[in-house]
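The values are calculated or read from the model by the stated rules, or taken from the named source; none is laboratory data. Not measured: the values here are computed from a predicted model. Glycine gets a Cβ as well: all are built from the backbone with ideal geometry, and neighbour counts include every protein chain shown. Side chains included, ligands, DNA and RNA excluded: accessible areas come from the protein's heavy atoms. Shrake-Rupley method; radii C 1.70, N 1.55, O 1.52, S 1.80 Å.
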Amino acid sequence: MRTIVTFLILCLSVTSALAQQLIPAPPQLAATAYLLLDAETGEVLVEHNADEMLPPASLTKMMTSYIVSSEMDRGNVAAEDMVNISVRAWKMGGSKMFIREGTQVSVKDLLRGVIIQSGNDASVALAEHIAGSEEAFADVMNQQAAILGMTSTQFLNATGWPAEGHYTTARDLAILAKAIINDYPEHYEIYAERSFSYNGIDQMNRNRLLFLDKSIDGLKTGHTEEAGYCLVASGVKSGMRLISVVMGTRSDKARAAESQKLMAYGFRYYETHQALEAGQQFASQRVWGGQAKEVAIGVNKALSLTIPRRGQERIKQSVKLDEVIEAPISEGQELGRLQLELDGKQIAEVPLVALEPVQEAGFFARLWDTIKLFIFNLFA
């Protein structure tokens, strides 16, 4: 009999081990810095030199486009507004939208010129239109970076043109990418457009992944001799959105290939799991001295977690409530804690709150409950 029991225990142990997803070490990329992020939860899955301050090249234009989107959202700028093209914008070198000095171009066309064609000329034109000068616009960029929590970033221009003291990090770029996706989804759609034509010139989006992987829908490339080839990418598979940042690769082809490695790793081994729904009830608890005898207890905020694929079946919940709950109780008042564990490791702890208010009972009802509570505590 003992042999049979031992065999069954061994079988259960083996089954449990097989149920756990085996996750290999993250890929090592041929890049100066990189990071992979779950866009919904903010969980970092892979990182290397993610806080090293590096020149961002045209990845800078992500902030330029973010500010333009913000100004449009506030009503300060309209898509159909016509922008006067200055000599400075027209003369910009590097990648261009090919706008001409002395003409007018709409904000919506310039925004596409920035995002799809990575136009330095379009970036300067928009910067001057919004802030009066590129230098003043760079000040706005830095203020916005601080608001977003990009603590290791400094912008000196709207294009990413090489300049001493113009830098950011892979982590800060992931923060910016997440903000672009979440804050202005209607403008984020532009990042997925494969080409744009202006002034009779057709230009393709430099993000190779848009042509190689149908799950990819953004974001931006960058390249200078100092920065190397860089790419911030994002895509969705099976309800999971990932953001990858790769900086300092050796070629256009390499930045796409290295980004694909990160994305493939994240999508293959992880998933975004909605662990809790807002308003989800977990318990009802006795209320002393209240007009109601019980109060519903649950969570007031939804919670999503990044977990290994097929790991949701192994998540265990542990509820800890206050032993004595007395009225009055306000809606949202914390009355306990909920712990979530995966394979014996705590992965989240959230407050359990009253899902409804409970008013005090009348004087005699409270007095009677006080006596009962005294007796309860005495024998407890």
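Things worth noting here:
- Of everything listed in (1) within 17 Å of residue 95 (Cβ to Cβ); (2) free of Cβ contacts under 8 Å to residues at least 60 places away in the same chain; (3) buried (at least 23 other Cβ atoms within 10 Å of the Cβ), the single unmet condition for residue 172 is (1).
- For the stretch 132-180, the tally of residues that are touching a Lys or Arg at 6+ places or on another chain (Cβ under 9 Å) and aromatic (Phe, Trp, Tyr) stands at 0.
- Residue ID - farthest from the chain's Cα centre (by Cα), chosen from residues in the stretch 143-153 that are surrounded by fewer than 15 Cβ atoms within 10 Å (Cβ to Cβ) and not β-branched (Val, Ile, Thr): 143
- In summary, strands (runs of 3 or more DSSP E) completely within the stretch 143-248 and bearing 2 or more residues that are at pLDDT 95 or above occur at 216-224, 228-237.
- Scanning the stretch 256-303 for residues that are closer than 19 Å to residue 209 by Cβ and either among the small types (Gly, Ala, Ser) or surrounded by fewer than 17 Cβ atoms within 10 Å (Cβ to Cβ) (or both) yields 256, 257, 259, 264, 266, 268.
- Residue match in the stretch 112-119 (condition: surrounded by fewer than 18 Cβ atoms within 10 Å (Cβ to Cβ) and at pLDDT 95 or above): no
- The numbered conditions (1) within 21 Å of residue 62 (Cα to Cα); (2) open to solvent by 60 Å² or more (accessible area, probe 1.4 Å) are all true for residue 215 except (2).
- Residues of the stretch 77-98 that are open to solvent by 60 Å² or more (accessible area, probe 1.4 Å), more than 24 Å from residue 195 (Cβ to Cβ) and in contact (Cβ under 8 Å) with a residue 40 or more places away in the chain: 84, 88.
To keep it simple, each residue is scored yes or no on (1) among the β-branched types (Val, Ile, Thr); (2) assigned to a strand (DSSP E or B); (3) within 26 Å of the chain's Cα centre (by Cα).
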{"position": "292", "(1), (2), (3)": "no, no, no"}
{"position": "295", "(1), (2), (3)": "yes, yes, no"}
{"position": "301", "(1), (2), (3)": "no, no, yes"}
{"position": "305", "(1), (2), (3)": "no, yes, yes"}
{"position": "319", "(1), (2), (3)": "yes, yes, no"}
{"position": "323", "(1), (2), (3)": "no, no, no"}
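- Meets criteria (in contact with a helix residue (DSSP H, G or I) (Cβ under 8 Å, 6 or more places away or on another chain), hydrophobic (A, V, I, L, M, F, W, C), under 19 Å from residue 54 (Cβ atoms) and surrounded by fewer than 24 Cβ atoms within 10 Å (Cβ to Cβ)) for residue 233: no
- Matching residues in the stretch 115-136 - criterion: being touching a residue at least 40 places away in the same chain (Cβ under 8 Å), among the hydrophobic types (A, V, I, L, M, F, W, C) and either part of a loop (DSSP other than H, G, I, E, B) or touching a Ser or Thr at 6+ places or on another chain (Cβ under 8 Å) (or both): 115, 116, 125, 126, 127
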